[in-house]
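What follows is a single structure, written as structure tokens, with notes after it.
The values are calculated or read from the model by the stated rules, or taken from the named source; none is laboratory data. Since we're looking at a predicted model, the values are computed, not measured. Cβ sites come from the backbone with ideal geometry, for glycine too, and all protein chains shown count toward neighbours. These accessible areas exclude ligands, DNA and RNA; they are computed on the full protein's heavy atoms, side chains included. Shrake-Rupley method; radii C 1.70, N 1.55, O 1.52, S 1.80 Å.
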Amino acid sequence: MEGTRGPTLIASVQRALHLMETVVAHPSGAPAKQLARAAGLPLATTYHLLRTLAHEGYVTKLPDGCWVLGDRLEGLYARGRAQVTLSRVRPVLVSLRDELGVAVYFAVLREGEISLVDVVDGPRERRVDLWVGFNEAAHATAVGKCLLGQLDEDGRREYLARHPLLDLTPYTITDRGALDRGLAGRDGLSLDREEYALGTACVAVPVTDGSGGLVGALAVSCRTERLPRVRSEGRRLQEAAERLSRLAALS
């Protein structure tokens with residue numbers, strides 16, 4: 001009987017990663033000889049690895065001969081943070097989708113524009129065909145109304161000045177006063193009743209951080225005839241939003 005075989009590890013990749021960790025451990029940079037000693041690597045190997053990493057933009061050599069991290073890592077870090085957020089958010093969205101049998105969305109307001117972080121759907125309810133982007137249709141979507149409702153008057157005015165109230169369906173609200181009055185219902189839910197797409201309704205709730213500041217909006221979409229039932233499950237949306245809020249507080 002064969003024993004359990006461990007994973008196949010590539011030693012050169014391990015050495016490169018350990019060397020980068022060593023570079024990070026020297027905030028002011030360090031010459032190759034010092035890095036080699038700290039990483040426990042032969043000096044020749046260290047030089048080869050540093051040249052390779054420098055060619056790819058992961059480290060750079062300063063004029064005084066010290067090595068520091070390169071610019072390429074900044075982009076990796078930003079994208080990596082987004083993936084970490086996604087890995088935390090998606091299980092909450094999947095759970096809500098399975099509970100209610102709806103498509104589920106999580107969006108944030110980033111640098112003044114609405115950004116869709118993730119969406120999950122299934123055979124029973126497919127995601128809405130986003131034929132008009134969230135930014136151009138904030139007034140006609142539950143997600144957009146939810147986020148607009150968390151802005152102060154000046155912030156909302158500035159946003160809507162950049163994004164006119166387009167007429168998307170016969171039910172789209174294009175009057176600013178009517179929009180303001182309908183941003184959230186008495187139950188705290190933001191609604192879209194065929195205002196973005198005929199035959200589709202959406203419900204959204206805000207997601208806040210530990211101090212009550214806005215993080216984003218959690219929303220679900222369904223066929224219009226299912227809206228009363230989905231809206232009656234608002235408590236489940238709120239509970240899922242609270243789970244996302246706790247995740248935001250931990251990040």
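Listed values, structure above:
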read-out: Two-site label geometry, Leu130 and Val24: point separation in nm, points 7 Å out along Cα→Cβ; value: 3.1
read-out: Accessible surface, the chain, averaged per residue in Å² (probe 1.4 Å); value: 56
read-out: By average C-beta atoms within 10 angstrom, highest first, the peptides 194-204, 170-180, 43-53; value: 194-204, 43-53, 170-180
read-out: Accessible surface of the stretch 121-167, 1.4 Å probe, proportion on carbon and sulfur as whole %; value: 51
read-out: For the chain: Kirkwood Rh in Å [reciprocal of mean 1/r, alpha carbons]; value: 21.3
read-out: Tensor-based shape of the stretch 170-245 (alpha-carbon gyration tensor, a/c under 1.5 rounded, otherwise prolate or oblate); value: oblate
read-out: Accessible area of the stretch 171-223 belonging to carbon and sulfur atoms, whole % at 1.4 Å probe; value: 49
read-out: Ratio of Rg to Rh over the stretch 118-212 (Cα coordinates, Kirkwood Rh, two decimals); value: 0.96
read-out: Choice from Ser12, Ser115, Ser87 showing the highest fluctuation, given a GNM over the chain with Cα pairs closer than 10 Å; value: Ser12
